[in-house]
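Structure first, then comments.
The values are calculated or read from the model by the stated rules, or taken from the named source; none is laboratory data. Keep in mind the model is a prediction, meaning the values are calculated, not measured. In this analysis, Cβ positions are derived from the backbone assuming ideal geometry, glycine residues included, and neighbour counts consider all displayed protein chains.
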Ligand SMILES: C[S@@+](CC[C@H](N)C(=O)[O-])C[C@H]1O[C@@H](n2cnc3c(N)ncnc32)[C@H](O)[C@@H]1O
């Protein structure tokens, strides 16, 4: 039996589908912090994808994925790795390295650890659920080529999405360039942030507030 996305029960949420749509089709996919594994496994039917690595530090996550994969007929090499982002070793080239749904600080530790292991044809995809400024500020200090910077809105919650190539190019702006904040979701998120940041007194948030007010 040939496995299809529907037999694997993949009806991706709007957030995951949007992320999926912006992941470049590279031969090697790493879904770091994979949890349910749906995002990584959603690449199983693309002929250009040779292997999918599902990575998560949680043994429960890895065990449950292992059971799920045993009962499924998946047409791609799928590897399960129980590690945090900053413990992973990557020896393959031309990778799409996805980090979605956990903290930006942990993502930054991961990208700082992985950056020198991988080639310039590899791409990082980030969608942090907290510590967004920490991730942006960290990336802004490195040499990256920013390919996409957008906001996803799902169920009244905002999720940043950044696609960054592992080579020198258009760097990451620590607060996001103007066009991010001029997009429909970006403008809504800006309004939301202005309310929140006006109640924050620390200097990092005050600098961000000044920037958003200046747009
Ligand atoms: C909310 S789930 C996100 C699942 C999926 N990526 C998504 O966006 O829907 C967060 C996952 O990140 C994992 N995680 C937490 N810290 C991590 C780290 N430092 N490195 C890799 N994964 C981590 C957790 O174990 C958990 O399974």
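Numerical summary
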| item | result |
| --- | --- |
| Residue ID - nearest to residue 42 (Cα to Cα), chosen from residues in segment 83-108 that are near the ligand (Cβ under 10 Å from one of its atoms) and surrounded by fewer than 17 Cβ atoms within 10 Å (Cβ to Cβ) | 83 |
| Residue 112 being within 18 Å of the chain's Cα centre (by Cα), away from the ligand (no atom under 11 Å from the Cβ) and in a helix (DSSP H, G or I) | yes |
| Scope segment 68-89; condition closer than 20 Å to residue 111 by Cα, in a helix (DSSP H, G or I) and free of Cβ contacts under 8 Å to residues at least 40 places away in the same chain; matching residues | 86, 87 |
| Qualifying positions in segment 115-134 - within 12 Å of the ligand (Cβ to nearest atom) and out of contact with any strand residue (DSSP E or B) (no Cβ under 6 Å at 6 or more places or on another chain) | 128, 129 |
| Which listed residue is over 14 Å from residue 161 (Cα atoms), within 24 Å of the chain's Cα centre (by Cα) and not assigned by TED's automatic domain parsing to the domain that holds residue 108, from 209, 180, 193 | 193 |
| Residue within segment 163-184 that is closer than 27 Å to residue 57 by Cα, part of a strand (DSSP E or B) and within 16 Å of the ligand (Cβ to nearest atom) present | yes |
| Members of segment 107-146 found to be within 22 Å of residue 208 (Cα to Cα) and touching a residue at least 40 places away in the same chain (Cβ under 8 Å), listed by number | 127, 133, 136 |
| Index of the failed condition, residue 145 passing every other in (1) under 30 Å from residue 197 (Cβ atoms); (2) surrounded by 14 or more Cβ atoms within 10 Å (Cβ to Cβ); (3) in contact with a helix residue (DSSP H, G or I) (Cβ under 9 Å, 6 or more places away or on another chain) | (3) |
| Unique match (being at positive phi, out of contact with any helix residue (DSSP H, G or I) (no Cβ under 8 Å at 6 or more places or on another chain) and either at pLDDT below 95 or assigned by TED's automatic domain parsing to the domain that holds residue 32 (or both)) among 115, 94 | 94 |
| Filtered residues of segment 8-46 (kept if within 11 Å of the ligand (Cβ to nearest atom), more than 19 Å from residue 77 (Cα to Cα) and either at pLDDT below 95 or part of a loop (DSSP other than H, G, I, E, B) (or both)) | 12, 13 |
| Of all residues making up segment 58-67, the number that are surrounded by fewer than 17 Cβ atoms within 10 Å (Cβ to Cβ) and either touching a residue at least 60 places away in the same chain (Cβ under 8 Å) or closer than 21 Å to residue 129 by Cβ (or both) | 3 |
| Qualifying residue in segment 4-18 (condition: surrounded by 14 or more Cβ atoms within 10 Å (Cβ to Cβ), under 15 Å from the mean Cα position of the chain (by Cα) and under 16 Å from residue 124 (Cα atoms)) | yes |
| Selection within segment 136-151 - over 26 Å from residue 27 (Cα atoms) and either within 16 Å of the ligand (Cβ to nearest atom) or more than 13 Å from the chain's Cα centre (by Cα) (or both) | 137, 138, 140, 141, 151 |
| Number of the condition not met by residue 52 [criteria: (1) touching a helix residue (DSSP H, G or I) at 6+ places or on another chain (Cβ under 8 Å); (2) within 25 Å of residue 137 (Cα to Cα); (3) more than 10 Å from the ligand (Cβ to nearest atom)] | (2) |
